[in-house]
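Please read the structure below before turning to the comments.
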Amino acid sequence: MFTPIKLLLNASRRKKRFVTATYDVIAVTVSIYLAIFFRLGTTTFAFGIEEVTSFFATILATVFCFIRLGMYRAVLRYMTLPAIGHIFLSVTLSAITLALSGFFFQSFIPRSVPFIYAGIAILTLGGPRILFRILYEQYYKRSKPNVFIYGAGATGRDLAYALIQGNEYHPAAILDDDSAKVGQIMYGIRVYHPSEFDGLRSLYQPVKLLLAINNVTKSERLQLLEKLAHWPIEIQSVPSVEDIAAGKGTVSDIRDLDIADLLGRAPVEPDPALLAKQITNKNVLVTGAGGSIGLEICQQALKLKPAKLVLFELNEYNLYRAHQILSKMCVNLQLDVKLVAALGSVQRENRLDNLMGKHEINTVYHTAAYKHVPLVEDNIVEGIRNNVFGTLACANAAIANQVESFTLISTDKAVRPTNIMGASKRLAELVLQALADRQSNTTFTMVRFGNVLGSSGSVVPLFKSQIRAGGPVTVTHPDITRYFMLIPEAAQLVIQASAIGHNGQVFVLDMGEPVKILDLAKRMIHLMGLREKTPNMVDGDIEIQFTGLRPGEKLYEELLIGDNVEGTGHEKIMTASEEKLSWTEMTQLLDELDRCCHHFDVECITRLLLEAPTGYQLNLNNQMIKQ
């Protein structure tokens, strides 16, 4: 771009306004002079005090109108159609001022001059502004990489406008399946049919395809993604209408595809009555509120309008972040819910007892746990302390304060576990089942499900970072499979399960069909516009490497220990009848386990877990680390 324009762009706002106002004064003066010249046909005509006064009044009126209409506050490079309308209005008032001043001051202003002046002033005042905008737009259009937008609806239109105004991407074309929209022009961008993609790609060479479709069903969106996955281009999306309403994003936020698109299935709609039963107008406490599952349960609970929501978290930053997110939700959704941010460990029973009593808690969702299999395998004592004795402390505090409902978030790794993490979660289930048989004031339920996509421990963020780094993508085994569920869906089902539970019940969520991790990795590579590198395709982009199973890791996960499973009132929630211990037996086991932990006797802990009805089995991948 020309150096003078660059200097003007980089100048301060005050200097830019001064330059613009100075130009307008000169432009109005020149326009009046030219108008008289064209009327009289001569460059020599007398100027008296009356003519100077008329000129001065016209200049003042024009600048005053521009100031009042915000023309000097507007950014020239983003000047829009309303600004051009303001120029026409200001010039019209300026011409009227010229005519009236000529009449009142008896100056030599022929009657046709104001009309000629108006035409010239529109060119001299509006022309440079429009020219500046065109030059700027063309310059940045060349410097910004091209993208395509898929969807010519309201979301696509808003996205196109936001991208045009921004500095990151230039929307070169809009694609839409609706033949009625094909051929339309939006902000100078033509709408094409998706069948024209190959030709358009060769012409514009876009770096991304941005999905701007929020008015379709989950199944329709999945079908669309199946089609687009074969296109050689990276696909990203804009936030959903719900996320925009909740303040989680704006239409101009470009994100990687929603994790639901990677999962390849649509979640079941929740039952509003079950969601509200344990939360609406009640005091709710969530342990581990800063974690992936805990925060999502808090967000889901907040929408159900509890009287009070207590966030209990050990990590200070995670608690701060969760409180900020939920506070923003309250503002955006206009919710009158009291939020309490409480720091502390679930292993401190007196802290929990005080907290539940002070806030008169009715419902507890216990999500706090150490969940990363290899880390817990290397830190066995702390894993047992947090997952087993932390659950016991929470449960005892709930009983002491007559909490109505207590729900433990368990895992599919608790079923015939081959790792300490799974065994600790199964033992936590047994603790609550024993407490359930001992008393009836607090209803204890356990909800068991598999992996959640997008959580802090999910493979999705890992694969995404590996792909962006150019690979390789690491998969432990070509045949490894896992059950997957979306975080919002899992949180909603947990809340609904707690509403239908009887004391001591173990619930199992229907996770659908298990997903091969290798297939998930390949799908992510394709949706990011890249190709898998294989022996048969050496010019591919991303290689997949197999690293071997980690300590305690299984090829396949299960959700049920036995075959004693029954349905519930919800199609995605089942209940299981499994072996449990009496409170007397549990007390003896916990006392001995506590002594082993105190002495950091890992072999003793392992022996107790193997002898207890946890189903724990050592496998060849376990590498015991004494601590």
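List of remarks:
- Flag for THR614 being at pLDDT below 95, over 16 Å from VAL415 (Cβ atoms) and not charged (D, E, K, R): no
- Only a single item in (1) more than 20 Å from GLY291 (Cα to Cα); (2) modelled with pLDDT under 95; (3) assigned to a loop (DSSP other than H, G, I, E, B) is not met by GLU360, and it is number (2).
- Any hit, the stretch 440-447, residues being within 29 Å of ILE605 (Cα to Cα) and either of a type in the set (Asp, Glu) or part of a helix (DSSP H, G or I) (or both): no
- Qualifying residues in the stretch 404-439 (those that are outside any helix (DSSP H, G or I), of a type outside the set (A, V, I, L, M) and within 32 Å of the chain's Cα centre (by Cα)) - the one nearest to VAL388 (Cα to Cα): SER410
- Of the residues examined, HIS477 is one that is in contact (Cβ under 8 Å) with a residue 60 or more places away in the chain, in a loop (DSSP other than H, G, I, E, B), out of contact with any helix residue (DSSP H, G or I) (no Cβ under 6 Å at 6 or more places or on another chain) and surrounded by fewer than 18 Cβ atoms within 10 Å (Cβ to Cβ).
- Positions within the stretch 304-328 being over 22 Å from the mean Cα position of the chain (by Cα), surrounded by fewer than 21 Cβ atoms within 10 Å (Cβ to Cβ) and among the aliphatic types (A, V, I, L, M), in sequence order: ALA307, LEU314
- The requirement of being of a type outside the set (Phe, Trp, Tyr), at pLDDT 85 or above, in the same structural domain as ILE149 (by TED's automatic domain parsing) and in contact with a strand residue (DSSP E or B) (Cβ under 6 Å, 6 or more places away or on another chain) is fulfilled somewhere in the stretch 192-203, by at least one residue.
- When restricted to residues that are at pLDDT 80 or above and either closer than 30 Å to LEU228 by Cα or within 21 Å of the chain's Cα centre (by Cα) (or both), the stretch 490-522 contains 11.
- Condition check for ILE116 on (1) within 30 Å of LEU34 (Cα to Cα); (2) at pLDDT 85 or above; (3) surrounded by fewer than 19 Cβ atoms within 10 Å (Cβ to Cβ): one failure, at (3).
- Looking at GLY569, GLY552, GLY548, just one residue is in the same structural domain as ALA434 (by TED's automatic domain parsing), modelled with pLDDT of 80 or more and assigned to a loop (DSSP other than H, G, I, E, B), and that residue is GLY548.
The values are calculated or read from the model by the stated rules, or taken from the named source; none is laboratory data. Owing to the predicted nature of the structure, the values given are computational and were not obtained by experimental measurement. So basically every Cβ, Gly included, is an ideal-geometry build from the backbone, and we count neighbours across all protein chains shown.
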